[in-house]
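The values are calculated or read from the model by the stated rules, or taken from the named source; none is laboratory data. Owing to the predicted nature of the structure, the values given are computational and were not obtained by experimental measurement. Note: ideal-geometry Cβ built from the backbone for every residue, glycine included; neighbour counts use all protein chains shown. Areas reflect the complete protein model, heavy atoms only, side chains present, ligands, DNA and RNA absent. Shrake-Rupley method; radii C 1.70, N 1.55, O 1.52, S 1.80 Å.
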Amino acid sequence: MSSQTIARRYATALADVIIEQGEEAEVRAELAEWERMLCANPALLEIFSNPTVGYEQKQKVLNELINRTKVRSTTANFLRVLLKNQRLADLPQVTARLSQILDERSGVIRADVISAQPLSAATTAALAERLRDITGKKVNLNFTTDESLLGGIVTRIGSTVYDGSVRNQLERLGEELAG
């Protein structure tokens, strides 16, 4: 079974629980913090992913970390389920999928915007408005810069790409002139 399928199953089940309990934002934030902690500590990630480390030892480490971080019982129980099923190392994929599911259920989509330079606040607002009109949903924009772009922007929403870069426009113009 692929890690994406596993992440989707765990994230969907957790989303159902936290939406019912009204804990979406809190649990999402706690899991994001746990993800940062695991990614920042390769030794800790190794403990949880190494099959030669006994379950009891992993459980002690996890419980100690849960006590120190003082997470909600929902988050703690979810982390224990992941540990029991030997999936705690998959937490980054589960957290990413959980964010997608929660956004989808609340009518929010994510858009990745790549530009040659940082965009002004006015351009950002206009882009968010235009994407909201196109998709009919609230859009969370994630901005990155790529100096290899000559100008313009490239926007990705899911598998759809809106390429408004100067390079793309020049390529299209070249194709039109060539034939």
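Of note:
- Convex hull volume per residue, computed on the Cα atoms of segment 24-68, equals 78 Å³.
- Mean residue ellipticity (222 nm) of the chain, computed from DSSP H runs ≥ 4 via -39,500 (n - 2.57), nearest 500: -20500 deg cm²/dmol
- Cα centre as origin, Lys/Arg/Asp/Glu Cβ charges: the chain dipole, Debye: 580
- Formal net charge of residues neighbouring residue 76 (Cβ-Cβ distance under 10 Å; K, R +1; D, E -1): +2
- Test item: Cα-centred dipole of segment 72-137, Lys/Arg +1 and Asp/Glu -1 on Cβ, debye: 380
- Using a probe of 1.4 Å on the protein chains alone, the accessible area found for residue 132 is around 100 Å².
- Positive end of the dipole of the chain (Cβ unit charges, origin at the Cα centre): among 162, 92, 13, the Cα lying farthest that way belongs to 13.
- Solvent exposure of residue 133, expressed as accessible area, is near 90 Å², computed with a probe of 1.4 Å over the protein chains only.
- A cut-off under 14 angstrom between Cβ atoms defines the neighbours of residue 110, and their net charge, with Lys, Arg +1 and Asp, Glu -1, is +4.
- The chain, accessible surface, carbon-and-sulfur percent (1.4 angstrom probe): 50
- For residue 137, a cut-off of 14 angstrom between C-alpha atoms picks up these aspartates and glutamates, skipping any fewer than 8 places away in its own chain: 103, 104, 129.
- Sequence-distant residues sharing a close amide H with residue 138 (under 5 Å, placed H): 109
- Antiparallel bridges, percent of DSSP beta bridges restricted to the chain (to nearest 5): 55
- Taking Lys and Arg as +1 and Asp and Glu as -1, the other residues whose beta-carbon sits under 14 Å from that of residue 2 total +3.
- Contact order normalised by residue count of the chain, Cα under 8 Å, 6+ apart, percent: 21
- Heavy atoms of the protein chains alone define the surface here; on that basis segment 74-140 has 53 Å² accessible area per residue at 1.4 Å probe size.
- Both radii were evaluated on the Cα set of segment 71-113; the Rg over Rh quotient, with Rh as the Kirkwood radius, amounts to 1.09.
- Accessible-area rank, largest first, for 47, 6: 47, 6, with all protein chains present and a 1.4 angstrom probe.
- Residue-level accessible surface for residue 3, protein heavy atoms, 1.4 Å, Å²: 50
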